[in-house]
Each structure stands twice: as structure tokens, then as C-alpha cells.
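Down below is the structure, laid out as C-alpha cells.
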Amino acid sequence: MAQKMNQREQGTAGVKTGLAEMLKGGVIMDVTTPEQAVIAEQAGAVAVMALERVPADIRAAGGVARMADPAIVKAINAAVEIPVMAKARIGHFVEAQVLEALEVDYIDESEVLTPADEQYHIDKWNFNVPFVCGARNLGEALRRIAEGAAMIRTKGEPGTGNVVEAVRHLRTVLGEIRRVTAAPAEELGTLAKEFGAPLELVRRVKEMGRLPVVHFVAGGIATPADAALMMQLGADGIFVGSGIFKSQNPAAMARAIVRATLHYNDPAVIAEVSESVGQAMPGLEMSTLAQSDRMQERGW
Amino acid sequence: MRIGVLAIQGDVREHRRHLERLGVDAPEVRRPAELSGLAGLIMPGGESSTIGMLMTESGLLAALRARMAEGFPVYGTCAGMILLANRVEGSRGTSLSWIGGLDVTVARNAYGRQVQSFEADIPVSVLGEAPVHVVFIRAPRIVTAGPAVHVLGRLDDEAVLVEQGPLLASSFHPELTDDLRIHRYFSAKAQRFLQDGAASLAT
């Protein structure tokens, strides 16, 4: 039978980064139940992130946050046609193996969960399922890509409803990319050393003028205007964690954020979709967060 | 010549790059007015439910249907093919078409979830002897095709690249590789539409 079949290659870099390309311009929403997943799909989400608790609740609950119960992941997988992502703890390659066995479409090796390894991230080349990882700067992004990440999201500060860290991290990455593209070839080695990133990937950044993989933003996006702000700054797309299902009217907020992400350059549309959308999630001022409560510091 | 790329969501950049390499202008299309002056339209990969919903909302879907009634060439890849299909099967049964026009039934995600996504070589005789290397990502499967639909490429025994008059559709993504032949084939179709009108593309 194998003779007759066309050769099919699975788990290639092209297949892994390819799915991220298809998500561009879209909104990926955190969901904790199949019902929420359906609301997200009907509102126009391009994917959902299956979780046991959204970041704001993880923050409130404290303790160790782990991969979701497989029963939740399976139920959400069965509920929607759009891709399903799920989070594994940083360095916890067995949680990642479990999620791959559950056939999630993307794994987020995420700082929202409590890290399992404070030195090493998962060797993501070992998997057929693609990974997305968080980053606060270009060096961190390129280290994750070197480990096999097929998509990057800048981190922001999850579960706060405050976009300030997401803006900081996106501006940092884009600013560092501009430094690389402006640098002559002989300076790239020194830049690679400064960023703690492989020279080969720094060269790719210079060639392409952007990250070599799709670049979303996450962490604190709570309104349609927040989403449009990130798109205007240059993001490829948006992750919304607590911002949908911690708002007053999740279905309306989800739809409004999807529309604002599409029409990010059209203030009239953003005004229209922002009207009567209900209360956004309550926000947290960064200075009220203890250093130990900052999730963005996790990952290295 | 200008061939638009539907730019609601998905891998818009990759299609534009392929067209530009062929020397074709490839403006982004988000609004109904942006369909004017085009010789054809490519609908990229992405999430068909998201793209279909936002096209409906902006009036672009109705405007495109009106253009298609005049024989306007459209190429749909993956999600774009789902949007063109007359019938769409999903896990919740068969749903109505989005745009429609292509007489096929497609089943969403029918090659499996992302871990089953793959690359493969597809022989396409109208493009020459060398097979086309393409990428299937959570791809839709063509389950049935009406008599007016010509199969241009198959994976094993199944149709994966089809044509019906001015419409072209593929389960896979030619825009994720460096092979420009399918885009060149579609550009030629658009060129004929521009020069000789809809009749030259009728089945």
C-alpha cells in the first residue's frame, strides 16, 4: 500500500510554521469549557487556547498552575472546527508529550503556568506538533526559535487587563530587529553575542527584516482598541487571555476584538465596535504587582 | 495586470509575494470597492469561518458573488476553497456555502488535525512533468465534484486541485513553497479574462 501512496512528510518545519501563517491577522482566545470555545468560534476566533483557568484566575488562585486536565482538552477539541492550542509548563516535556498525544494543534510552552524547569526549555524539535513560545525581547525570541518554536508571541503581563507590558515587549522586539537590519554584516556577530542568540538566526532576521516566524502578541489585551494598537504597532495577530471571558459580555467583546483586529487601521470601525460592548475586565496597575507575581520573568 | 489577494486574515503575504515575483500587482482586498480594476482574486489560507463571517459583514461577499456572476476568475487555497465550495461538511453536519460557485462538496479538516498535516509532491500534468511540491495544513478534502469540475491534480486517488471555468481551488498551499507554477497558471487565466472576457474561460 505504501508504494502507491504519494510520499507524505509530517512534522516538517514548513508544516509547523505553515499553520501559524494561516492564523495571521486573527485573534486566538483562551477558553476553559467547550461552551466558551463555541462562543469564541462563532465570534470569529482563528483558534482557541484550552485552559483550566484563565490567567486572571490563575493569578488569583496562586499555587502551582499546570497543564489542563486532558478531559477539558478533549472536550474542547471535539467542540470546534478551528485549531485548538493548549499550554504546557516551561521545560515540562512530558506535559507536551501528553498534549501531542491528545492531538492539540499547537502547544504553548507558557510562562502563565508554573515553570517545571528553571534552566531549560523543551527541545521542541522532538515533536511533530508545533510550539508557540513567549518572549520579551529579540534574544529570547531567537533562543526559542533555535529550540524549535514555530511561532512567537511577545509576553506582556498575563491576567492583568493592562496592555502596557505587551506594548513594551513588542516595541523592544521591533526596535532590536531594526538594530539588526541597520547593522552591517561584520557587526552581526557582536549583536548575536549581546542578544544571546544564534548568529545564523540573527542573519535571518537581517535578511527578512522581521522575526523568521509569525509574531503574535499576548498579555493584557482587554479592549478592541488594545487589539488595534498592537496591530498598528506591527503584530501579526493577537492572543486574548482573560480579556474575553472576564469581561461583562464575552460574546460581544469577542466579536468586537475580532473586528477591531481586522479593521485595525480604521478608527471609525474601532469606535463602532467599541460602543456598548459592556465592561472590559478589571485591570491591574503594574506597580501593584509584586516582583514574584510577574509571570513575564519566567523563561530565559 | 492586477490580481487582488483577499486580506481579511491568513497567509496573505505569501500569495502577494508569489504574484509579485511573476510581475503581477497584488493589492490587498478588504472592502467591496477594492474589487474594481482587478483581473482576478486569490483567497488565501486561514480560518474559513472567520473570513466568511467578516466578508459577509462588510458586504464583500455579496460584491464578490456579483463579480463572479460575470465570470471573474477566483483561486481559493485551503480556506479559500472552502469559501468557494457549494457544500461544506463539518463535524456538525453539512452547512450552507459561503460564496459558492464551485460545484464540489468539501469536508473541513478531513486530512486530520495539525499533527497529521504534511508536505507532498503532486503530479499536475497541465504544469509540466515535474510534480508540484505543496503543503497540506489541516486541509479540507474534496468529497464529491460535479461534472463541470476538472481535476488537475490528485493526491493518491483524490482530487486536490480542481478547476471549473474561471474558478481554481486547491486543498493545499502552493504559496508556502518557491514553486510559482500554480500562480502562473492562475495569472494566465486572469489575463485571458482581461483580454477576451468571461466567454474565454467558460467550461
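The values are calculated or read from the model by the stated rules, or taken from the named source; none is laboratory data. Bear in mind the structure is a predicted one, so any value in this text is a computation, not a measurement. Because the Cβ atoms are built from the backbone with ideal geometry, glycine has one as well, and the counts that use them run over all protein chains shown. The accessibility values were calculated without ligands, DNA or RNA, using every heavy atom of the protein model including side chains. Shrake-Rupley method; radii C 1.70, N 1.55, O 1.52, S 1.80 Å.
Go ahead and run the numbers for FRET between A:ALA268 and A:ARG210, Cβ-Cβ distance against an R0 of 30 Å, rounding to 0.05.
0.55
What's the Cα-based Rg to Rh of segment A:224-300, Rh via Kirkwood?
Rounded to two decimals, Rg over Rh is 1.03.
Among B:SER171, B:MET55, B:VAL126, flag the residue with its Cα farthest along the positive direction of the charge dipole of chain B, charges on Cβ as +1 for Lys/Arg and -1 for Asp/Glu.
Result: B:MET55.
Where the eigenvalues come from the Cα gyration tensor of the protein assembly as shown, what are the semi-axes √(5λ) of the equivalent ellipsoid, largest first, in whole Å?
37, 25, 23
Using the Cα atoms as the points, what is the convex hull volume per residue of segment B:17-89 in Å³?
For segment B:17-89, the hull spanned by Cα atoms encloses 94 Å³ per residue.
With 18 Å as the cut-off, how large is the P(r) tail for segment A:17-65, expressed as percent of Cα-Cα pairs?
Taking all Cα-Cα pairs of segment A:17-65, the fraction more than 18 Å apart is 41 percent.
For segment A:40-124, which GluC sites (Glu not before Pro) are both in a DSSP coil and crowded by at most 10 other Cβ atoms within 10 Å? Mind showing how you got there, number by number?
Values: sites: A:GLU41, A:GLU52, A:GLU81, A:GLU95, A:GLU100, A:GLU103, A:GLU109, A:GLU111, A:GLU118; in loops: A:GLU52, A:GLU81, A:GLU103, A:GLU111, A:GLU118.
Here the GluC sites (Glu not before Pro) that fit, given the DSSP loop and packing criteria, are A:GLU118.
If packing is taken as the average count of other Cβ atoms within 10 Å, what order do A:211-219, A:225-233 fall into, highest mean first?
Working: A:211-219: 25.0, A:225-233: 20.9.
Going by the mean number of other Cβ atoms within 10 Å, highest first, we get A:211-219, A:225-233.
No solvent, one uniform scatterer per C-alpha: report log10 I(q)/I(0) for chain A via the Debye equation at q = 0.08 1/Å, two decimals.
-0.33
If you take every DSSP beta bridge fully contained in segment B:3-202, what fraction is antiparallel? Give it as a percent rounded to 5.
So the antiparallel bridges in segment B:3-202 amount to around 60 percent.
Take the Cα coordinates of segment A:156-300, assign each an equal point scatterer, and use the Debye formula without solvent to give log10 I(q)/I(0) at q = 0.09, 0.11, 0.13, 0.16 Å⁻¹.
The computed values of log10 I(q)/I(0) come out as -0.34, -0.50, -0.66, -0.88.
Dipole of the protein assembly as shown (Lys/Arg Cβ +1, Asp/Glu Cβ -1, origin at the Cα centre): which of B:SER91, A:THR172, B:VAL149 lies farthest to the positive side?
Working it through, the farthest residue towards the positive pole turns out to be B:VAL149.
Across peptide B:43-53, what mean number of C-beta atoms from other chains lies inside 10 Å of a residue's C-beta?
Mean partner-chain Cβ count within 10 Å for B:43-53: 6.
Please work out how much length the chain gains when fully extended from A:GLU9 to A:TRP125, using 0.36 nm per residue of separation minus the C-alpha to C-alpha distance, in nm with one decimal.
Full extension from A:GLU9 to A:TRP125 adds 40.3 nm.
Using +1 on the beta carbon of Lys and Arg, -1 on that of Asp and Glu, and nothing else charged, what's the dipole of the protein assembly as shown about the Cα centre, debye to 20?
The calculated dipole for the protein assembly as shown is roughly 500 debye.
Which percent of the accessible area of chain A is formed by carbon and sulfur heavy atoms (probe 1.4 angstrom)?
51
Determine the calculated [θ] at 222 nm for the protein assembly as shown from helices alone, applying -39500 (n - 2.57) to every DSSP H run no shorter than 4 residues and normalising by the residue count; nearest 500 deg cm²/dmol.
It comes out at -10500 deg cm²/dmol, rounded to the nearest 500.
Hey, what does the equivalent ellipsoid look like for chain B, semi-axes from the Cα gyration tensor as sqrt of 5 times each eigenvalue, largest first, whole Å? Each step should come with its number before you reach the end.
Working: eigenvalues 99, 80, 55 Å².
The equivalent ellipsoid of chain B has semi-axes of 22, 20, 17 Å.
Please give the average number of partner chain Cβ atoms lying within 10 Å of the Cβ of each residue in B:115-125, rounded to a whole number.
Numbers: counts 13, 6, 14, 9, 10, 5, 4, 1, 1, 0, 0.
Counting Cβ atoms of other protein chains within 10 Å of each residue's Cβ and averaging gives 6.
Compute for chains A and B the buried accessible surface, both sides summed, probe 1.4 Å, and express it in Å² to the nearest 100.
3700
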